[in-house]
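The values are calculated or read from the model by the stated rules, or taken from the named source; none is laboratory data. Only a predicted model underlies this, so the values are computations on that prediction, with no experimental measurement involved. Ideal geometry is used to build each Cβ from the backbone, glycine not excepted, and the neighbour counts take in all protein chains shown. For accessibility, only protein heavy atoms count, side chains too; no ligands or nucleic acids. Shrake-Rupley method; radii C 1.70, N 1.55, O 1.52, S 1.80 Å.
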Amino acid sequence: MISIFSQAGSRLTSGARRALPLAGDDDDAKRVVSELVAQFGFEPYDAGSLGESWRFERARPAYCLPLSKAALHEAIVHADRNVLLPEGSWR
């Protein structure tokens with residue numbers, strides 16, 4: 001897992017930390033995961049409950065893209081359950 005994070009890079013070209021979304025129904029677990037994500041050098045972004053996790057699933061605007069926390073927030077907030085990105089556009 002560490003090598004995956006180091007290959008992806010935790011910093012954006014702007015110098016900002018890359019944000020990683022997380023979702024869950026257990027606030028204590030989300031706190032632990034947020035701390036771990038931060039230790040790896042990324043900016044944790046709490047996307048809400050598990051019921052909201054579809055917002056960063058495959059083929060959604062926030063899926064696998066190197067985004068700042070502000071840009072990730074915009075992608076997640078504006079995700080539309082009925083709209084998918086074209087196959088492979090996130091690569």
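For first residues located in segment 20-37 and without any contact (Cβ under 8 Å) to a residue 40 or more places away in the chain and under 20 Å from I76 (Cα atoms), partners that are aliphatic (A, V, I, L, M) and assigned to a strand (DSSP E or B) and lie 6+ apart or on another chain with Cβ distances below 8 Å form the pairs K30/L22; V33/L22; S34/L22; V37/L20; V37/L22.
For segment 7-63, the set of residues classified as among the basic types (K, R), surrounded by 12 or more Cβ atoms within 10 Å (Cβ to Cβ) and within 26 Å of R91 (Cβ to Cβ) consists of R11, R17, R18, R55, R60, listed by residue number. Filtered by the rule that a residue be assigned to a loop (DSSP other than H, G, I, E, B) and surrounded by 14 or more Cβ atoms within 10 Å (Cβ to Cβ), segment 64-84 gives L65, P66, L67, S68, A79, L84. Of the listed requirements (1) open to solvent by 30 Å² or more (accessible area, probe 1.4 Å); (2) modelled with pLDDT of 95 or more; (3) not in a helix (DSSP H, G or I), E87 misses just one: (2).
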